Every structure is written in C-alpha cells, then in structure tokens.
Amino acid sequence: MSRLRRLPRKRAIVLAAVAGIATVGMLIGHRGSVTAQSDQQVLEQLAIQAEVAPLTLPFEVLGNTFATDGTVAGTASSPNVAVATSDAGVQATQAQASSALQSIYAPGSPELAARQDTISRAINALRGSGTHMIAAGIRNVAFQSVISNGSSATVTMTFTSYSIGVDTAPDGHAEPFSPQNNMIAVVTFVNTNSGWRVSSTQTNFAPGSEP
Amino acid sequence: MTSLSKTLAGAIGGFVLVSAALCPAHAALAYNGSAAAAYADQWWNSYNPSYAQMPGDDCTNFVSQALNAGGDVWAGAQLANSANDSYWYMTKQPPLGPWYWSNSFTTAGDLYTFFGNSGRAGLVGIYYPPANYQGSDNASPGDVLFYEWTGDGIEHSAIQVAYGQDPTNSGWYGSLVDQHSSPRYHEIWSLKPTNSYWATTYILVEHHN
C-alpha cells in the first residue's frame, strides 16, 4: 500500500513535493508517480461526489455540482437545488440521480443499488412536500489520507454537510431550516474496467455534531 | 458459625448480590409509557449513574434506560456482554465490578431487532420527513423512533415524549422526542432543524405493547 498523501499539509509543500516527484520521474523515465498523482485527484473527486450525492441528488440540481479542485477546503460543492414537482421534473431528477450514481459507484455493487433506492424514494417523497430548497452540499473538505495499492484504495476525509430550505407548515406559515453537520467519512474504491469506482462509504457524524 | 454455615452464608450472600445485579431496578408488569417519557425528560441532558455511560454514542443506552423506567424488565440478563438480540439488559458485577450489557441495550439496530424478537413493540409506521411535516400521529409517549440517515441501516434512536410545539425550534409542531448524542429535549420528531440528511432519512416508529 502506498500512502499518496496525508493532510493537513501546506499547499506549497504539496506543490513542491509534486514537482519534485514529477522531476524525478522524468529523470528516470518512469511515469508511475505521475499516475499516482492523477489517481489521487480522481479518488478525491470521486469521494467528494459520493458524499455530496445523498445531499443533492434527491433534488433537481440547478447550479454547479462539483468544483474541479476538491482538494481546496471550502470549494467542494455549492449547488443550487430545487424540489422536483412535475412529472417531467421527477423523471429528469430520477434519471440525473441514476446517471450520477452509476458514474460514482462500482457497477452491480450492493452500495449502488442501495443508494439508488434511497435517493429514488427521497425524490418521490419530496414531491408535494411544499419544501422549497435553496442549497445543499458539502464544504470545508479536508482529506486525512489517500491510500492505494493500484487495485483498491481508501480515502479518509472530513467535511461539513449542509441543507438550506423553507418548509410550508400545514397552517401555511413558512418554516426555514438550515441544518449542518460535521462529518467523518471513509470511502473505499475498486479499480474497474471503467476506472476507479466507489465500493463502499462509511460516513458518520463527528462527535458533538449529531442531529 | 461453622465453616459449612459460613460457606452457605457466603454462597447465599453471593446469590443475593448476583440476583440484585441481574434484576431490573424498575420491574413492573405493564409498560408505562408516561413513566418512560418522564425518565427521558429527567435525564435528557445528563447521565444516570445507575447505568453505564457512553458519551458520544449514548442514544440507545438512553432509550433503553427510559424503557426500563417504564417497566420493561431485563431479558436474558447475564454477567457478560452479548450480541444475542433475544437478550436485553445492562448489569453490573457487584459491588463495584464492570458493567455488562447486550448489544440490544446500546445499539439502535439491535434494539429494533430485539423488539421484533420479543414482541414488546411493533412497527406502526415508516415516515419520511419530506412527506410528513408533523410526523407520526400514531406514536405515544414511551414509543421508540429509529432513524436511518442515508440507507446504511438503522443508526439512531429516540423516545417519543409528547406531541406539540418544539420549544427549541418554535415553528415546528408534531411528535416530540428526547434523545442523547446529541442531547435534545422535546425536539421535533424529524430532527429536520439539525439533520442535513433529512431528505434521505426515514424513521421507523415502534409502538410499545
């Protein structure tokens, strides 16, 4: 197992290390370390997408979904979302969620089936709820470690999940909500014919941040 | 006292101590949901020294204590830990020895399984916060709510204590729960004000028989 990175670490140090590895790689004519760096970025990005999914995929995503640089805290995702209310909207949201999940999780994995079921159920439950969503996602992402042996990998990360919206109570009054929780996640991957895919996630509330 | 009588006395004394450890502190013939709710209201923000404490992971331990206060008696108690979900207990080796418990006493999914195995409580509804603003009208004080956040299995439990207005989040009205980890008093059943995963959460309501 090779440890690709351990955070927190100053960005300058990371860049210097990457530059040094790339230089050494070029000097000795070996691209393994460059591939490893690419794997690291892919794994981190997939980990972010896996953790954003349950927060955003139940909704129609109206804005940007995932930032390109998942390694920078605070910029992981900030999508604008809305509850799908029409038949077409529900169908589009279901299709969008299914497609997104298939690009994240290993094909045929129990995790993929479970996520699809959970989010499909949420989309249907949300319809007619009177909920108006404003935003949902994760922020303050920090990667503790990215470990890979080439065929499987594990990413350990922390982040803050959030969901912002307004409910309509039975008496008609508007009830805003904006919960956020600090989370700890361990995401495991398998290297498939289509590249890295998430095989499982263990996501827990940080102590003191439970609902 | 002869050595034999001393031995007998010691054995009897030991039996009494062990029996005291294994017997529930609040044995009763019928479950009293109001008593369970009153216990939850008393201890929602602190730990009862009569039970082992599990700071940071105390939700089901707290619910089980309330069930015990409501009259639920130990099932299969023993001086050892157990993963058998037909058991439900928390005991202590007398007089100062370590605590022992069943997984069902301290872990939400195991308590849910114990309810099914024992018949002490039964599922009366599955609720989705997005579709149920006020929540479980058929829950009564002393009933237990189990939470599954994102499809990973049951991960949390709380106890229904009242129906009305959430005193912390005044706009919310419906079934109210007490819980540990995090400690909350008369919180709205859905936990929506504090749960960013509310959209994928579903809640199983178990009515105590």
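Key figures for this structure:
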item: From the options B:34, B:102, B:86, B:46, residue that is modelled with pLDDT of 95 or more and crowded, with 16+ Cβ neighbours inside 10 Å; result: B:102
item: Selection count, the stretch B:153-175, where residues are touching a helix residue (DSSP H, G or I) at 6+ places or on another chain (Cβ under 8 Å) and either part of a loop (DSSP other than H, G, I, E, B) or within 10 Å of chain A (Cβ to nearest Cβ) (or both); result: 5
item: Residues that are without any contact (Cβ under 8 Å) to a residue 12 or more places away in the chain and within 14 Å of chain B (Cβ to nearest Cβ), drawn from the stretch A:186-207; result: A:207
item: Test: residue in the stretch B:176-195 that is of a type in the set (Gly, Ala, Ser), more than 10 Å from every other protein chain (Cβ to nearest Cβ), over 15 Å from residue A:209 (Cβ atoms) and surrounded by 24 or more Cβ atoms within 10 Å (Cβ to Cβ); result: no
item: Close pairs (8 angstrom Cβ cut-off, 6 or more residues apart or separate chains): within 22 Å of residue A:152 (Cβ to Cβ) in the stretch A:97-109, crowded, with 16+ Cβ neighbours inside 10 Å and of a type in the set (Asp, Glu) anywhere; result: A:105/A:111
item: Any hit, the stretch B:148-156, residues being closer than 26 Å to residue B:71 by Cα and surrounded by 21 or more Cβ atoms within 10 Å (Cβ to Cβ); result: yes
item: Failed item, numbered, when residue A:167 is tested on (1) more than 20 Å from the chain's Cα centre (by Cα); (2) facing another protein chain (nearest Cβ under 8 Å); (3) assigned to a helix (DSSP H, G or I); result: (3)
item: Within the stretch A:170-198, considering residues that are among the charged types (D, E, K, R) and more than 13 Å from the chain's Cα centre (by Cα), the one farthest from residue A:46 (Cα to Cα); result: A:171
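The values are calculated or read from the model by the stated rules, or taken from the named source; none is laboratory data. Since we're looking at a predicted model, the values are computed, not measured. Note: ideal-geometry Cβ built from the backbone for every residue, glycine included; neighbour counts use all protein chains shown.
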